[in-house]
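Okay, structure first, notes after.
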Amino acid sequence: MSMWTTAMAGAAAGLGVAMPVGAMGVLLVQEGMRDRRGAVAAAAAVAVVDLAYAAVATALGPLVASALSGVEAWVRLVSATVLAVIAGRGLLALRQTRSEGRSAGSGAGSDARSGAGSDAVSDAGAGPVRTFTRFAALTLINPTTALYFAALTTAQGAALSGGGAGAVFVGGVFVASLAWQQLLVAVSGLAGRRISDTARAWTFRIGYGLVAVYAVKVALPLPLP
């Protein structure tokens, strides 16, 4: 039961970082509309980078937590604050984007979405290996992903200190991230068009909502003065 709970925690963490459909999500959707094989490789690349970040953070997080023994409650509070900031910034960005879209008109929003994927269009027809490498590099340079997993695993150092628990957590992250990315590819291939603004907004709400829930979970119980 404990391992099952750890796996579910990893899956929730993976969805929390994967579900908000930002620039990478848009590129995945566009890739799926052009080349299914390339899109499958791209989705795998994003999930593999999530796996790598989660593995490194899970390995180092318990060590950091151990070094800070005695002030665990404050470490959890700092980690929860980082997660809350990530969630807040993501939700604020969604609100600002929707406000700008309403003021600029739907045509401008469509052009902006097309511009975000212009680099991907230039690589249309590239082999799966090249597409995998390109998407892995784009995901790797995203500092928010690294910060997200570092904060999460440092706060849960004791729970993930065992090798088995850490591996199960990382496995949950990978499976959930891969499943979500591949779902995006499948939906884009079937729909043959960009994901709607409404659906994209809900992925932001759910994804960053999961991050916010994690922030509250990590923070409690609050340190006493």
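The values are calculated or read from the model by the stated rules, or taken from the named source; none is laboratory data. Owing to the predicted nature of the structure, the values given are computational and were not obtained by experimental measurement. Just so you know, the surface numbers come from the protein's heavy atoms only, side chains and all, with ligands and any DNA or RNA stripped out. Shrake-Rupley method; radii C 1.70, N 1.55, O 1.52, S 1.80 Å.
Before moving on, here are some points about what is shown:
- Shape of the stretch 165-220, Cα gyration tensor, a/c cut at 1.5: oblate
- Of Asp35, Asp50, Asp197, the residue with the largest accessible area leads and the full order is Asp197, Asp35, Asp50 (1.4 Å probe).
- Heavy atoms of Val168: accessible area, 1.4 Å probe, square angstrom to 10: 50
- In plain terms, the chain from Ile141 to Leu63 could stretch by 25.6 nm, reckoned as 0.36 nm per residue minus the Cα-Cα distance.
- With the whole protein complex present, Met3 retains an accessible surface near 90 Å², based on a 1.4 Å probe.
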